[in-house]
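Trainee: Supplied in structure tokens, the structure appears directly below.
The values are calculated or read from the model by the stated rules, or taken from the named source; none is laboratory data. Remember, it's a predicted structure, so these values are computed and weren't measured experimentally. Note that we place each Cβ from the backbone using ideal geometry, even for glycine, and neighbour counts take in every protein chain shown.
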Amino acid sequence: MPETTTAATTAAPAPDREFTVAERSQSQLVLRRFLQHRAAVVSLGVFVALILLAYVGGWLWKYDAGQYTPDNSVPPSWDHPFGTDSAGRDQFAQVLRGTRISLQVSVSVAILATLVGTLWGSIAGYFGGWVDTVMMRISDLVLTLPLIAVAAMLAHNFGGTWYLIALVIAALYWAYVSRVARGVVLSLREKEFVEAAKALGASDARIILRHLVPNALGSILVNLTILVALAILLETSLSYLGFGVTPPDTSLGLLVSEAQTALTTRPWLFYFPGLFIIIIALTINFIGDGLRDAFDPQQTKVRQ
Amino acid sequence: MLAFAVRRILYSIPVLIVASFIIFALGSASADPLAPLREKNPPAPQNVIDAETVRLHLDQPLLQRYFGWLGGIFTGDFGPSVVSTANIGSDLADRFLVTIRLIALAMLIALVLAVVIGVLTAVKQYSKFDYSATFLGFLFLAMPAFWFAILLKQAGIEFNNAVGTQAIYTIGQVSVPPPQGTGAYILDVLGHMVLPTIALALISYAAWSRFTRASMLEVMNSDYVRLARAKGLSRRTVMVKHGLRTALIPLTTVTALDIASIIGGAVVTENVFQWKGMGDYLVTSIRQNDVYATASWLLIAATVVIAFNLIADVLYGVLDPRIRYA
Amino acid sequence: MTEQIDLSPSRRRGTKGDVVLEVAGLDVSFPSGDGPVRAVRGVDYTLRRGEVLGIVGESGSGKSVTSMAVMRLLPNTARVSGEIRFDGRNLLDLSEAEMTRVRGSKIAMIFQDPMTSLNPVYTIGAQIAEAVRAHHDVSKAAAMDRAVELLDKVRIPNAKDRAGSYPHELSGGMRQRVVIAIAMANDPDVIIADEPTTALDVTVQAQIMDALKAAQDETGAAMVLITHDLGVIAGQADRVMVMYAGKLVEVGSAEDIFYTPRMPYTLGLLGSLPRLDRRSARLTPIPGSPPSVVNMPPGCPFGPRCPKHTEICDETEPELRPTTGPAHLAACHHAETLVGAAADDVFETEVADAEALHQLAEETP
């Protein structure tokens, strides 16, 4: 090929003026978007603080939960920030203990239900056909029943300790997750990269694990947070009715139940446990919202 | 349209039957009606236990018990209760009527709230109203139903104390003894419904309003809304005739999907306000290890859920011509 | 080597009417995280009754935004300045209420994707009737009659029965014809067709163009035809505007643009048109991609991709100047060098193809 001898000033193309914005990697983008969601970031901070308080704070606190002190029915004071109950038990320690138990239940439920549900829904959605129909019918059946009723029935027989309650609740919530997972897989299945993987000879298992699940990661994480919130509400409701966590363990729901008759005379027994439930569920929900925005910014601004 | 509805109904029957089996099996496995007798101190005499075994069909295998129960239902016999004098069927019927009015009214209020707030926050996106309404929605989503109900009850009590008379009812679904005369009776019932309905409605509306907002935003950005504006229709007409009308369609499905959890919410709310409804019946039945009562309760609940889903499906077909002939 | 493109006289409109729309100094920008996006940068044009004005450009050239600005259908965040003179008034000064009286009755618009332009829950008859009743106080029955009449005009068979159908029961081509019927419902003075055939099969394109012609004949309106497809322009447009990076880069009659282009971008567009009648010539694609309209550097935006590029192109952005005649304007510092040039004189033909073919030719014995 002969060397081009034309002067550089005539035919030389100008330098690339196309991109005036820096490139960013995928996970950086997700993180950046999450950090832009103020409520989510604040909530994350509060949630972490709450966990630290419940475990580290509870361990360091001068009173144990269930420890009987001579101060009966004392309103909140420096010695007893959340007051005491009629048996003299320090409510701050009690609430922290209830928080620990309720958190343990919800997080276990969320993880367990997500694992089972995601697998279930992914397999159903991926294979389709009668596999899908049968699997989703089973999942739908679970969802036709009011979960608190079934949980109460099962827990009454099997329950009492926090991990058994978690198991019972997880045995119901996986159905929610399976539905969502199936939806995600259905939408991803049609995408070209799955066809491409198939054309390259990838096995079904490989496609599910290496391609579908990572792309569904966003939805999975968001749903995990939703589950934690739902689980804590269900567990506290169960405990309130008397079917959930029972003494000697305690739960925030149980604390509320014990306090409801004393609402006028000793309101501190009622408000603090409830507030903690709300804080946990609220922060988790905001975190989930932030995650949702981070993974899939919909930014639906209205065309005016 | 009719064929569509009929097909959906036929679809639901096998689902209900399978559900009934699972309910019965689970119920039988979860509770031993004889346990309270054995665990009494002193334990009940053997002949009593034997008699109860026969009466409660516990001498029969599971499948036989199940078919017996299922068959009996068609004649209104829901099986033997642990309380030998009780008739599960008629008890459930009474309780059902009490609870259904709570659920129906609460759902109606929640729907209206959800639509109004959802649409307003979508139209005034990013306004102060949007932010505060969204925050409030998040708050109610995080609110435990029982805690909020107790709070409302307390507010009612304080209000009554302040006013001096029992202006708001906080206990039970009706006064005891109930007032004479239909008008007074209805007013009394309604008066008792105020607080529990507010509690259940506020707990339920939040998820729906978020959904309506998202649906409305999506619709407002659609091409057909843009074309409607290009036709020269006013913003308001476009929003109602084209935006709202289309955005509300998926809400029917969302509402139906939530009916099971609303029943759960009603159970808790009733407990707080000490109603003698389905909630109380369930709690008592479970506590007493009353297998037939619990199973029957669950079956009724499942039927309600399936019926609601059916109505929603048909309604969806009415509202959206695209799936009408599917 | 100029090719002849068939602009059969039968397709041309003879007399031009009065000026019906005049756009002056139109500027549209949107705020964004990285700075303002200047989608339209100083666009001027006039539109006369009965004529067809084609606006050509790639995605992002600003052609759609220009028309949305005329209809005032841009999002609230858009900053629009300039003048849009219609019916003796500046449309940008009108209140929203006054503007709704203009939309759909004086100026009508047809959008790109017929599959999503119609509301799925209302019948097509109802949607056309709605357009009529928005501007005329007539009964539902009368509006429906008009709807059937319009469906007939756009050649929907069995118009009377079809009026009760839902959009999902119709094909894409038929749906687009319904949209055209809606546009012509109130005898508008201007019809803006934004990529009316882009989402449709080529076979259906002709039907749609016929329907558009019928609409124009029926209403006597001026038509703005926006597209990136020069083939569509060739048969329909009287005048053509070429847009690039938010600005007009060439304006002229259809003959001016197709036979004597004076802007390298236009030449490049013509050269990248696949043609059945030019067996021997190779396609000359334009290398590179359109620039981002955020933080634009000075100079001609087409510079980086232009074979005629010199230093001056990076310094000053060329103004639209008359070239072959007063009505033919081009924005290029080197417009004169394009006299008599064909696309493959200026642009490289596919380099990769040539090399590969060369190699193959040498290998085969």
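Trainee: Among the residues in the range C:188-200, are any in a helix (DSSP H, G or I) and either surrounded by fewer than 24 Cβ atoms within 10 Å (Cβ to Cβ) or under 15 Å from the mean Cα position of the chain (by Cα) (or both)?
Mentor: Filtering the range C:188-200 for residues in a helix (DSSP H, G or I) gives none.
No: the range C:188-200 contains no residue that is in a helix (DSSP H, G or I) and either surrounded by fewer than 24 Cβ atoms within 10 Å (Cβ to Cβ) or under 15 Å from the mean Cα position of the chain (by Cα) (or both).
Trainee: Another one. If a residue has to be assigned to a loop (DSSP other than H, G, I, E, B) and modelled with pLDDT of 90 or more to count, how many in the range C:32-68 make the cut?
Mentor: 1
Trainee: Report those helices (runs of 4 or more DSSP H) wholly inside the range B:1-90 carrying at least 1 residues which are among the polar types (S, T, N, Q).
Mentor: Here the list reads B:2-30, B:46-55, B:62-74.
Trainee: Tell me which of these C:Ala211 doesn't satisfy, since it passes every other one: (1) free of Cβ contacts under 8 Å to residues at least 40 places away in the same chain; (2) in a helix (DSSP H, G or I).
Mentor: (1)
Trainee: What's the total number of residues in the range A:257-280 that are closer than 18 Å to A:Gln104 by Cβ and crowded, with 24+ Cβ neighbours inside 10 Å?
Mentor: We begin by selecting, within the range A:257-280, every residue closer than 18 Å to A:Gln104 by Cβ; these are A:273, A:276-277, A:279-280.
So of that shortlist, the ones also crowded, with 24+ Cβ neighbours inside 10 Å come out as A:273, A:276-277, A:280.
Residues meeting the conditions: 4.
Trainee: State whether one or more residues within the range B:280-290 are over 20 Å from B:Thr197 (Cβ atoms), over 21 Å from the mean Cα position of the chain (by Cα) and without any contact (Cβ under 8 Å) to a residue 40 or more places away in the chain.
Mentor: yes
Trainee: For the range C:89-132, how many residues meet the condition of being in contact with a Pro (Cβ under 7 Å, 6 or more places away or on another chain) and either closer than 17 Å to C:Pro75 by Cα or not polar (S, T, N, Q) (or both)?
Mentor: Total satisfying the criteria: 8.
Trainee: Could you list all residues from the range B:26-73 that are more than 26 Å from A:Leu141 (Cα to Cα) and among the hydrophobic types (A, V, I, L, M, F, W, C)?
Mentor: B:Leu34, B:Ala35, B:Leu37, B:Ala44, B:Val48, B:Ile49, B:Ala51, B:Val54, B:Leu56, B:Leu58 - these are the residues of the range B:26-73 that are more than 26 Å from A:Leu141 (Cα to Cα) and among the hydrophobic types (A, V, I, L, M, F, W, C).
Trainee: Related question: Of the residues that sit in the range C:289-344 and are under 22 Å from C:Val43 (Cβ atoms) and of a type in the set (Val, Ile, Thr), which one is farthest from the other protein chains (Cβ to nearest Cβ)?
Mentor: C:Thr324
Trainee: Would you point out which residue out of B:Tyr224, B:Tyr185, B:Tyr205, B:Tyr169 is of a type outside the set (A, V, I, L, M), farther than 30 Å from A:Asn285 by Cα and either in contact (Cβ under 8 Å) with a residue 40 or more places away in the chain or touching a Leu at 6+ places or on another chain (Cβ under 7 Å) (or both)?
Mentor: Just one listed residue meets the conditions, B:Tyr224.
Trainee: Give the residues of the range C:106-123 that are over 19 Å from C:Ala69 (Cβ atoms) and in contact (Cβ under 8 Å) with a residue 12 or more places away in the chain, sorted by residue number.
Mentor: C:Asp113, C:Pro114, C:Met115, C:Ser117, C:Leu118, C:Asn119, C:Pro120, C:Val121, C:Tyr122, C:Thr123 - these are the residues of the range C:106-123 that are over 19 Å from C:Ala69 (Cβ atoms) and in contact (Cβ under 8 Å) with a residue 12 or more places away in the chain.
Trainee: Could you list all residues from the range C:92-105 that are closer than 16 Å to B:Lys231 by Cα and more than 9 Å from chain B (Cβ to nearest Cβ)? Outline the logic, then answer.
Mentor: Step one: of the range C:92-105, the residues closer than 16 Å to B:Lys231 by Cα are C:96-105.
If the condition is that a residue be closer than 16 Å to B:Lys231 by Cα and more than 9 Å from chain B (Cβ to nearest Cβ), then C:Glu98 is the only one that fits.
Trainee: Collect the residues in the range A:242-256 that are surrounded by fewer than 24 Cβ atoms within 10 Å (Cβ to Cβ) and either within 14 Å of chain B (Cβ to nearest Cβ) or basic (Lys, Arg) (or both), keeping them in residue-number order.
Mentor: Selection gives A:Gly242, A:Thr246.
Trainee: Here's a check for you: in the range C:152-163, which residue that is surrounded by 13 or more Cβ atoms within 10 Å (Cβ to Cβ) and not in a helix (DSSP H, G or I) is farthest from the other protein chains (Cβ to nearest Cβ)?
Mentor: C:Arg155
Trainee: Oh, and also: Looking at (1) hydroxyl-bearing (Ser, Thr, Tyr); (2) farther than 16 Å from C:Pro188 by Cβ; (3) modelled with pLDDT of 90 or more, which one does C:Thr77 not meet, given that it meets all the others?
Mentor: The failed condition is (3).
Trainee: If I filter the range C:37-51 for residues that are surrounded by fewer than 24 Cβ atoms within 10 Å (Cβ to Cβ), within 30 Å of B:Gln125 (Cα to Cα) and in contact with a Lys or Arg (Cβ under 7 Å, 6 or more places away or on another chain), do I get at least one hit?
Mentor: Yes.
Trainee: Another question about this same structure. Which one is nearest to B:Ala295 (Cα to Cα), of the residues in the range B:18-43 that are more than 14 Å from chain A (Cβ to nearest Cβ) and loosely packed, with under 15 Cβ neighbours inside 10 Å?
Mentor: Per the stated criteria, the residue is B:Arg38.
Trainee: Still on this structure: Which condition number does A:Ala93 fail, the rest of (1) buried (at least 20 other Cβ atoms within 10 Å of the Cβ); (2) of a type in the set (A, V, I, L, M, F, W, C); (3) under 30 Å from A:Ala294 (Cβ atoms) being met?
Mentor: Here A:Ala93 meets the rest and fails (3).
Trainee: I'm trying to understand the selection: among the residues of the range C:59-85, which are under 20 Å from the mean Cα position of the chain (by Cα) and within 14 Å of chain B (Cβ to nearest Cβ)?
Mentor: Hits for the range C:59-85 are C:Ser64, C:Val65, C:Ser67, C:Met68, C:Ala69, C:Val70, C:Met71, C:Arg72, C:Leu73, C:Leu74.
Trainee: Separate question: Could you please tell me which pairs satisfy a Cβ distance under 8 Å, a separation of 6+ or placement on different chains, a first residue in the range B:87-109 that is over 12 Å from B:Ala293 (Cα atoms), and a second residue that is of a type in the set (D, E, K, R)?
Mentor: Partner pairs satisfying both residue conditions: B:Arg95/B:Lys276; B:Arg95/B:Asp280; B:Val98/B:Lys276; B:Thr99/B:Glu270; B:Leu102/B:Glu270.
Trainee: When the residues of the range B:57-85 are filtered to those that are in contact (Cβ under 8 Å) with a residue 60 or more places away in the chain and out of contact with any Lys or Arg (no Cβ under 9 Å at 6 or more places or on another chain), which remaining residue is surrounded by the fewest Cβ atoms within 10 Å (Cβ to Cβ)?
Mentor: Among residues in the range B:57-85 that are in contact (Cβ under 8 Å) with a residue 60 or more places away in the chain and out of contact with any Lys or Arg (no Cβ under 9 Å at 6 or more places or on another chain), the one surrounded by the fewest Cβ atoms within 10 Å (Cβ to Cβ) is B:Val83.
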